[in-house]
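Input: a single structure, listed below in structure tokens.
The values are calculated or read from the model by the stated rules, or taken from the named source; none is laboratory data. Every value quoted in this text rests on a predicted model; they were computed, and no experiment measured them. So basically every Cβ, Gly included, is an ideal-geometry build from the backbone, and we count neighbours across all protein chains shown. Ligands, DNA and RNA are stripped out before the accessible areas are found, and what is left, the full protein with its side chains, is counted by its heavy atoms. Shrake-Rupley method; radii C 1.70, N 1.55, O 1.52, S 1.80 Å.
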Amino acid sequence: MQSRRRFLALGLAALAAGRNLAEDNQAVVLVTAVGDPAFALGSLQVRKLFLGFTVLHAGHALRPVRNRSDELLDKIFLQHVMTMSAETYERRLLTMTLQQGRPRPMEVHSREELVRALLGIPHSVSFAWSSDIQGVGGLQTVKVLWRP
Amino acid sequence: MQPFAMRAAAAMIMVALAGPGIATGSETPGGPGQGELLFFVSADGVVVDSNSALYDMDDASADVDVLGSFSAGSFRVLGEFLLSTDEQELERLQFGWEVRPETYLWIGRFHQPASVWNTRHHHGSYLQPSITRPVIESWEDEGGVLPQHFVGALGETRLPLGTAGGLSLQAGLGAGPRLEGRELMPVEIYEPKSLDGRGSWSFRAAYLPEFEDEDAIGLVASGSQIDLSRSTYVGPASRVDLRVLGLFTSWQHESLRLDAAGYLVRSRFVGAASGAEDFAAGYLQFRREFARGLSLLGRLEGSADTSDSAYLALFPGFVKLRAIADVRWDFRPQHALSVEIASNRVRGSEVREFRLQWSAVLP
């Protein structure tokens, strides 16, 4: 498993270098609609949220939105936020649904869908490239999840 | 298909579609809730080799386990309906309320929480690591000796413990099965006659080293009063009181997973002169994952003091000793092929089984 993680990390680094992420100062950020300026979520809470557990903020259950608009973004999410392979993550979500009927995170496949979901679904939370949400009205960055 | 089965299948689909449009993890902006509709499908064949003609039966079957759920705010409804070449049954129908984060109260028909395997895998073949389940965890209609389905109330909670750990608690109370012929007959929601099943309870507690992970160590306990029919038992007793106490663990270390469970079962025939009798049964299972979606599983199942049990004598097909090896290949996302070889000892007979299964979850 350790060697597999190292291999994945090297792969991500190579991909990131290929996209000049470091030069662009790109980062993966946690994002939500503008509301509470003090909105904060720890790493463990983010992991719970995207596994389907109930995570409350100000008395409201947060709604996870999985951003699958970019392959590299999804890989970084799985490796650095969920710390598991894509297969394991999918199986965990299916297991949670089978056991207790928990809804799996909604998925979006483009920047436009992401913005529409975050602005349209109350208490929704997602992740994105920082450049993808720069200048988009009504959204706020909660925290940086990953930086090259 | 029976009229009930058609109605239940329709109800399952309605459960998942009752929300804003068709579901599978989707929702409409601002919609009132989220729905899921999953189809766990499988097809398998078994070739049996035995020195007893009683067990020498090859077979093939196909299953579709339809799982539907709909969540709106703190409320959730969950249904599981199994359609197979052998049966059609509404396995679970639960109406729940999340009273606080990760604390649920359910009413309806549910899988009793003292079954370690079944509360984890339910009827979803694709999510089971092996084709077969351990004998002591068998469903009632597969010759299972322990009650698995209750109709009543179920409470579940998962509490933080320490910095990262958790404590999982489940307790169920309701009507359990009766014994007819050589089979436990669970309570069916749609069959009013079966609702006179006697009281049963069930409990499970587990320590979770990581709150959100699947590793666990814990204990289970349950109690059931099982009515006996005259076609099953000739004697002075009218029912059996069954008590179960068990320990279990599930542990993952890198690509190796260990699962183990042991149950001590005490039975007492109420009204008979004989006292309580105990037997034990359990299993130890290792699974190793390899590259390219391959995994290898080995499981050893054993039991003790079964020969003297008057309760087990009511189940002539009970497997006392079993060893299985299972190879699984997840050849594409949400599709797997499995081969399983098993060696069983059933009432002095050696029974060898060779199974092949395709399983998947759709969409």
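Summary of computed values
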item	result
Residue within the range B:227-245 that is out of contact with any strand residue (DSSP E or B) (no Cβ under 9 Å at 6 or more places or on another chain) and at pLDDT 90 or above present	no
Selection within the range B:181-223 - open to solvent by less than 50 Å² (accessible area, probe 1.4 Å) and outside any strand (DSSP E or B)	B:Gly181, B:Pro186, B:Val187, B:Glu188, B:Ser194, B:Gly197, B:Pro209, B:Phe211, B:Glu212, B:Asp213, B:Asp215
Members of the range A:69-98 found to be open to solvent by 50 Å² or more (accessible area, probe 1.4 Å) and either in a helix (DSSP H, G or I) or more than 11 Å from chain B (Cβ to nearest Cβ) (or both), listed by number	A:Glu71, A:Lys75, A:His80, A:Glu87, A:Thr88, A:Arg91
Residue match in the range B:135-155 (condition: part of a strand (DSSP E or B), touching a residue at least 12 places away in the same chain (Cβ under 8 Å), over 29 Å from B:Ala313 (Cβ atoms) and aliphatic (A, V, I, L, M))	yes
Enumeration of residues in the range B:138-159 that are more than 18 Å from A:Gln99 (Cα to Cα) and either open to solvent by less than 20 Å² (accessible area, probe 1.4 Å) or modelled with pLDDT of 95 or more (or both)	B:Glu140, B:Gly144, B:Val145, B:Leu146, B:Pro147
The range B:93-145, residues that are under 11 Å from the mean Cα position of the chain (by Cα) and at the interface with chain A (Cβ under 9 Å from one of its Cβ atoms)	B:Thr119, B:Arg120, B:His121, B:His122, B:His123, B:Gly124
Of all residues in the range B:48-99 being over 30 Å from B:Arg347 (Cα atoms) and among the hydroxyl-bearing types (Ser, Thr, Tyr), the one that is modelled with the lowest pLDDT	B:Ser74
Every pair of residues 6+ apart whose Cβ atoms lie under 8 Å, when the first sits in the range A:73-86 and is without any contact (Cβ under 8 Å) to a residue 60 or more places away in the chain while the second is part of a loop (DSSP other than H, G, I, E, B)	A:Asp74/A:Arg68; A:Leu78/A:Met84; A:Leu78/A:Ser85
Subset of the range B:69-79 [at the interface with chain A (Cβ under 8 Å from one of its Cβ atoms) and either open to solvent by less than 10 Å² (accessible area, probe 1.4 Å) or of a type in the set (S, T, N, Q) (or both)]	B:Ser69, B:Ser71, B:Leu78
Residue count, the range A:109-125 (criterion: at the interface with chain B (Cβ under 10 Å from one of its Cβ atoms) and either crowded, with 18+ Cβ neighbours inside 10 Å or in contact (Cβ under 8 Å) with a residue 60 or more places away in the chain (or both))	6
Given (1) in a strand (DSSP E or B); (2) more than 19 Å from B:Ser69 (Cα to Cα); (3) among the aliphatic types (A, V, I, L, M), index of the condition A:Val65 fails	(2)
Complete set of residues in the range B:283-311 that are closer than 21 Å to B:Leu127 by Cα and away from chain A (no Cβ under 14 Å)	B:Tyr283, B:Leu284, B:Gln285, B:Phe286, B:Leu296, B:Leu297, B:Gly298, B:Arg299, B:Leu300, B:Glu301
Residue list for the range B:263-279, restricted to those being at pLDDT 90 or above and open to solvent by 30 Å² or more (accessible area, probe 1.4 Å)	B:Leu264, B:Arg266, B:Arg268, B:Glu277, B:Asp278
Among residues of the range B:146-175, those that are within 14 Å of chain A (Cβ to nearest Cβ), in contact with a helix residue (DSSP H, G or I) (Cβ under 8 Å, 6 or more places away or on another chain) and among the hydrophobic types (A, V, I, L, M, F, W, C), counted	1
Residue satisfying condition, being free of Cβ contacts under 8 Å to residues at least 24 places away in the same chain, open to solvent by 30 Å² or more (accessible area, probe 1.4 Å) and more than 14 Å from chain B (Cβ to nearest Cβ), within set A:Ala58, A:Ala38	A:Ala38
Lone unmet requirement of (1) under 30 Å from B:Gly275 (Cα atoms); (2) open to solvent by 40 Å² or more (accessible area, probe 1.4 Å); (3) in contact (Cβ under 8 Å) with a residue 60 or more places away in the chain; (4) among the aliphatic types (A, V, I, L, M) for B:Leu314	(2)
Criterion (modelled with pLDDT of 85 or more, in contact with a strand residue (DSSP E or B) (Cβ under 7 Å, 6 or more places away or on another chain) and under 29 Å from A:Pro122 (Cβ atoms)) met by exactly one of A:Leu44, A:Leu78, A:Leu49, A:Leu56	A:Leu49
